[in-house]
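Peer 1: Just dropping this structure here.
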Amino acid sequence: MRALIIEDEQTLREQLIEALREQGFAIDESGDGTEGLYLATTMPIDIAIIDLGLPGIDGLSIIKKLRAESCSYPVLILTARDSWQDKVDGLEAGADDYLAKPFHIEEMLARIRALLRRSGGFSESLLQFEGLSIDTRTQQVIVGDDAVPLTAYEYRVLAYLALNAGSVISKAVLLDHLYDEDTDRDPNVLEVFIRRLRQKLDPDKKLDPIETLRGRGYRLALERSGE
Amino acid sequence: MKSISARLLVSTAVVLTIFFVLIAISVSYSVHKRAEAALVDRLQGLIYGVLAATDVSANNQLLVSSDELPDPRLTQSTSGLFVEMVNQQGELLWQSQSSTSFIPTVANTPVGEWVFEQIENDSGKRVHRLQLATVWEYNQGQELPFTIQAVSPAESINVQLRQFDRSLWISLLISGIGLLLMQLWILSKSLQPLNSIGDELQQIEQGERDQLSNTVPTELAPLASSINTLLTSERNRHKQYRHLLDDLAHSLKTPLSVLKNLGKPSGSADNSVITTVNEQTTQIQSTLQRYLQRATHSTPQKLAAAISPLPVIERLASSLQKIYSNNVSIAISIETANEASEKDKNKHPLKVRIADADLYEIFGNILDNACKYGATAVSVQLQASNKAVVIDDNGPGFPQQLISQLTERGVRADTQLEGMGLGLAASAELMQSYGGSLKLGAPDDSSGARVILKFA
């Protein structure tokens with residue numbers, strides 16, 4: 001998952017980045033509205049966290065502009081101004097949820113998870129498929145009745161495929177959504193992760209959860225259940 | 001004396017009184033003087049006439065030819081006008097036929113000198129007397145000194161003068177009162193603009209108007225315009241302070257967020273320090289929240305324009321449905337004042353005098369509570385006939401403790417209510433500040449929560 005953070009207070013921004021990295025997010029970040037809008041409209045963002053009071057372009061204008069450019073990823077507003085009129089203005093501009101300052105990072109993470117689930121069409125924190133379930137809150141993956149321990153990167157790949165279940169995700173897109181700009185983005189490494197995931201999720205080669213479409217990418221091929 | 005009109009009235013009354021009294025005294029005095037001078041003239045003529053008719057007889061007696069007397073009244077006994085001649089020893093030498101009594105001569109006055117006086121005669125009546133001491137020369141060198149006096153009754157002249165005085169005082173009194181009344185009218189006319197400025201200032205104080213009108217007289221225009229300027233600058237300053245306070249409070253929230261998130265368990269810092277920081281930031285946060293709310297809502301405009309709450313509710317409903325990802329349905333219904341006018345539904349006749357931003361807070365808190373605490377269906381009913389809005393939901397309903405806290409004790413801004421209570425208390429406080437009320441209960445036909453907002 002690739003998250004965009006636009007927040008002008010540097011310490012808070014660093015706290016947010018740290019917390020989201022821990023959760024396995026790839027991060028784009030800016031402390032300035034103009035740069036933030038550029039990132040918001042050019043990067044393959046999965047979710048944006050935008051402060052309303054920003055130098056350059058204010059948060060509301062950024063949201064209106066990115067919606068006008070048909071960016072449809074969920075947007076969470078951070079705002080010190082928590083009157084209902086401000087909230088309604090923000091939501092009508094195109095935001096999906098708001099968080100009034102001061103807030104606990106845990107609350108923000110919960111809102112982000114909820115927004116991502118909603119944009120993937122899931123209404124609960126448990127993503128359930130035939131034979132596989134993923135708890136986005138605890139980052140736990142269960143195959144059949146057994147918990148499968150995954151590394152952070154393996155979990156990220158699986159969660160991204162699961163939230164876009166049924167769609168074909170190219171290697172390039174997957175890399176875009178999993179890695180920061182400055183990390184080494186070797187497609188071969190991705191292939192290694194996919195192979196390891198398949199071994200862990202499907203040691204007996206019965207489930208075949210991740211399908212490879214030659215030249216196009218990967219797809220989580222399991223049927224959704226439990227909804 | 002506080003009132004300008006009372007001051008003006010009293011001082012005008014004093015000035016007018018002094019003026020009229022002085023006029024009356026001087027007019028009366030000069031009229032009296034003129035009357036006296038005219039009388040003296042007449043009596044002098046009489047005396048000269050009598051002297052002209054007088055001659056000395058061979059035996060040194062004074063003879064007056066009654067045919068040559070200047071005034072026929074001197075021969076009538078009832079006329080009251082008479083002339084007498086008296087020698088230096090006080091003996092009567094001659095008197096006219098009209099004489100009724102003898103009046104003793106005043107002691108020796110120098111020859112040729114006139115003496116005029118008002119005296120009482122022996123029967124107690126007031127008379128005017130003019131005396132002249134003179135010497136009659138006869139038989140070459142012999143002199144007969146005597147005093148001639150003319151007496152006329154004072155009564156008729158005095159009565160006339162008294163009548164004149166009375167009518168003078170009465171007419172002056174009437175014109176004085178008339179002038180005072182006119183002054184009163186002029187005062188009230190000319191002080192009217194001041195009074196209306198006073199009324200307008202009072203209206204400004206009560207929030208019913210925000211400027212003095214421009215229809216003041218030219219003399220007061222500078223005052224009115226400076227008051228208006230003062231009001232505007234005062235209001236701007238007030239607004240500026242509020243914005244500054246607002247900005248201050250809001251700009252503190254970002255650093256508070258940072259502080260709040262220092263206490264992450266993964267940190268290696270001392271746990272007790274983190275706990276304290278957490279407690280204190282929470283306290284700072286709630287203090288900020290409370291005072292911000294007070295500062296923004298403590299001065300509701302009494303004359304907010306009457307607006308329909310419907311657009312506010314609709315915007316809030318669609319926003320909340322977005323947040324709660326359509327898990328909640330919010331239905332808005334309108335009960336018109338008159339059942340027959342069903343087709344006028346779109347006019348949504350319920351209008352309330354509450355500022356826009358405050359309406360958002362009132363309904364936002366209530367609707368958000370309903371969505372947050374597990375309702376799946378919320379109905380908002382606008383009742384124009386009761387000037388009320390009833391919000392029902394099918395959630396778990398209110399805990400009894402909250403109902404009693406909100407309804408029995410009343411809501412105070414510093415009351416610490418947790419969770420659901422906080423937003424409701426804020427809404428209730430806002431309703432109260434606009435003269436309305438917020439009541440909690442349960443829907444008639446089902447379990448759940450009901451909030452009744454009654455508007456003033």
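Peer 1: From the residues B:N228, B:L132, B:G45, which one has its Cα farthest along the dipole of chain B in the positive direction, the dipole being from +1 and -1 charges on Cβ of Lys/Arg and Asp/Glu about the Cα centre?
Peer 2: Ranked along the dipole, the leading option is B:N228.
Peer 1: Quick one: compute the contact order of chain B, relative version, from alpha carbon pairs under 8 angstrom and 6+ residues apart, as a percent.
Peer 2: Relative CO of chain B lands at 9 percent.
Peer 1: Based solely on C-alpha atoms, express the radius of gyration and the Dmax of region B:192-252 in angstrom.
Peer 2: 15.4, 52
Peer 1: Could I ask something else about it? Between B:Q118 and A:E211, what is the spin-label point distance in nm, taking each point 7 Å from the Cα along the Cα→C-beta axis?
Peer 2: Distance between the two pseudo-spin positions: 14.1 nm.
Peer 1: Figure the gain on full extension for B:T134 and B:S226 (residue separation times 0.36 nm, minus the Cα-Cα span) and round it to one decimal in nm.
Peer 2: Gain on extension, B:T134 to B:S226, equals 24.6 nm.
Peer 1: State the antiparallel share, in %, of DSSP beta bridges confined to region A:72-211, rounding to the nearest 5.
Peer 2: Beta bridges within region A:72-211, antiparallel portion: roughly 75 percent.
Peer 1: Pull up the cross-link candidates among the aspartates and glutamates for B:K2, meaning alpha carbon to alpha carbon under 20 Å and not fewer than 8 places away within one chain.
Peer 2: B:D199, B:E200
Peer 1: Computed on alpha carbon atoms, what radius of gyration and Dmax characterise region B:54-175, expressed in Å?
Peer 2: 18.1, 67
Peer 1: Here is a follow-up. What is chain A's relative contact order, in percent, from Cα pairs under 8 angstrom and six or more apart in sequence?
Peer 2: The value is 17 percent.
Peer 1: Here's another thing I want to ask about it. Projecting each Cα onto the charge dipole of chain A (Lys/Arg +1, Asp/Glu -1 at the beta carbon, about the Cα centre), which of A:L163, A:G94, A:L178 comes out farthest on the positive side?
Peer 2: Among A:L163, A:G94, A:L178, the one farthest towards the positive end of the dipole of chain A is A:L163.
Peer 1: Let me ask something else about it. Report, largest value first, the span of the C-alpha coordinates of the protein assembly as shown along each principal axis, in whole Å.
Peer 2: Here the Cα extents, ordered largest to smallest, are 192, 57, 48 Å.
Peer 1: A further question follows. Using the beta-carbon distance between B:A35 and B:S65 and R0 = 35 Å, what value does 1/(1 + (r/R0)^6) give for FRET efficiency, to the nearest 0.05?
Peer 2: 0.65
Peer 1: Let me ask you something else. Dipole magnitude of region B:1-73 about its Cα centre, charges +1 at Lys/Arg Cβ and -1 at Asp/Glu Cβ only, in debye to the nearest 20?
Peer 2: Here region B:1-73 has a charge dipole of around 920 debye.
Peer 1: With runs of 4+ DSSP H residues as the only contributors, calculate the mean residue ellipticity of chain B at 222 nm using -39,500 (n - 2.57) per run, divided by the residue total and rounded to the nearest 500.
Peer 2: Result for chain B, helices only: -17500 deg cm²/dmol.
Peer 1: Put a dot 7 Å past each Cα toward the Cβ at B:S272 and B:Y291; how far apart are the dots in nm?
Peer 2: 2.9
Peer 1: Skipping prolines and chain starts, which residues have an amide H placed within reach, meaning under 5 Å, of the one on B:L93, given they are 5 or more residues away or on another chain?
Peer 2: Close amide H contacts, sequence-distant or interchain: B:M85, B:V86, B:N87.
Peer 1: Explain nothing, just compute: Karplus ³J(HN,Hα) = 6.51 cos²θ - 1.76 cosθ + 1.60, θ = phi - 60°, for every residue of region A:134-145 in order, whole Hz, x for Gly and Pro.
Peer 2: 10, 8, 6, 6, 9, 6, 9, 10, 10, 10, x, 10
Peer 1: Mind jotting down the distance between the C-alpha centroids of region A:135-196 and region B:141-163, whole Å?
Peer 2: Taking the Cα centre of each part, region B:141-163 and region A:135-196 sit 146 Å apart.
Peer 1: Okay, next question. Can you tell me the mean projection area, over all orientations, of the convex hull of chain B's alpha carbons? Units nm², please.
Peer 2: Computed as one quarter of the Cα hull surface, the answer is 49.5 nm².
Peer 1: Once label points are set 7 Å from the Cα along Cα→Cβ at both B:K2 and B:K439, what is their separation, rounded to one decimal in nm?
Peer 2: With each label point 7 Å from Cα toward Cβ, the separation is 4.2 nm.
Peer 1: To continue, here is another question. For chain A, just list the percent of Cα-Cα distances falling in each 10 Å bin from zero outward, please.
Peer 2: All Cα pairs considered, the percentages come to 8, 33, 34, 19, 6, 0.
Peer 1: Now for a separate question. Filter A:K101/B:K260; B:K351/B:K454; A:K171/A:K206; B:K322/B:K387; B:K322/B:K372 down to the pairs with a C-alpha to C-alpha distance above 19 Å, please.
Peer 2: A:K171/A:K206; B:K322/B:K387
Peer 1: Mean shadow of region A:93-190, computed from the convex hull of its alpha carbons, in nm²?
Peer 2: Reported value for the Cα convex hull: 8.4 nm².
Peer 1: Find which of A:I49, B:I170, A:L201 sits farthest along the positive direction of the dipole of the protein assembly as shown, computed with +1 on the beta-carbon of Lys and Arg, -1 on that of Asp and Glu, about the Cα centre.
Peer 2: Going by the Cα projections, it comes out as A:L201.
Peer 1: Full extension from B:I23 to B:A357: what is 0.36 nm times the residue separation minus their Cα-Cα distance, to one decimal in nm?
Peer 2: Extra length from B:I23 to B:A357 when fully extended: 113.1 nm.
Peer 1: Region B:15-34 to region A:204-225: how many Å between their Cα centroids?
Peer 2: 126
Peer 1: Arranged by the count of other C-beta atoms within 10 angstrom, fewest first, what order do B:W136, B:W169 take?
Peer 2: Ordered by Cβ neighbours within 10 Å, fewest first: B:W169, B:W136.
Peer 1: Of the beta bridges DSSP finds with both residues in the protein assembly as shown, what % are antiparallel, to the nearest 5?
Peer 2: 75
Peer 1: I want to verify a result. In a Gaussian network model of chain A, Cα cutoff 10 Å, which of these has the top mean-square fluctuation: A:D146, A:D32, A:D58?
Peer 2: Fluctuation is largest for A:D146.
Peer 1: Using a Förster distance of 51 Å, how high is the FRET efficiency between A:R67 and B:E205, based on the Cβ-Cβ distance and rounded to 0.05?
Peer 2: After rounding, the FRET efficiency stands at 0.60.
Peer 1: Calculated from DSSP H runs of 4 or more alone, at -39500 (n - 2.57) each and per residue, what is the 222 nm mean residue ellipticity of chain A, nearest 500?
Peer 2: Rounded to the nearest 500, it is -12500 deg cm²/dmol.
Peer 1: Hey, in the GNM for chain A with a 10 angstrom Cα cutoff, which one of A:L163, A:L12, A:L116 fluctuates hardest?
Peer 2: The residue that fluctuates most here is A:L12.
Peer 1: Quick check: convex hull of the Cα atoms in region A:68-136, volume per residue, rounded to a whole Å³?
Peer 2: Measuring per residue, one finds 96 Å³ for the Cα hull of region A:68-136.
Coordinate-derived values only; no laboratory data. Predicted model only: the values in this text are computed from it and were never measured. Cβ sites come from the backbone with ideal geometry, for glycine too, and all protein chains shown count toward neighbours.
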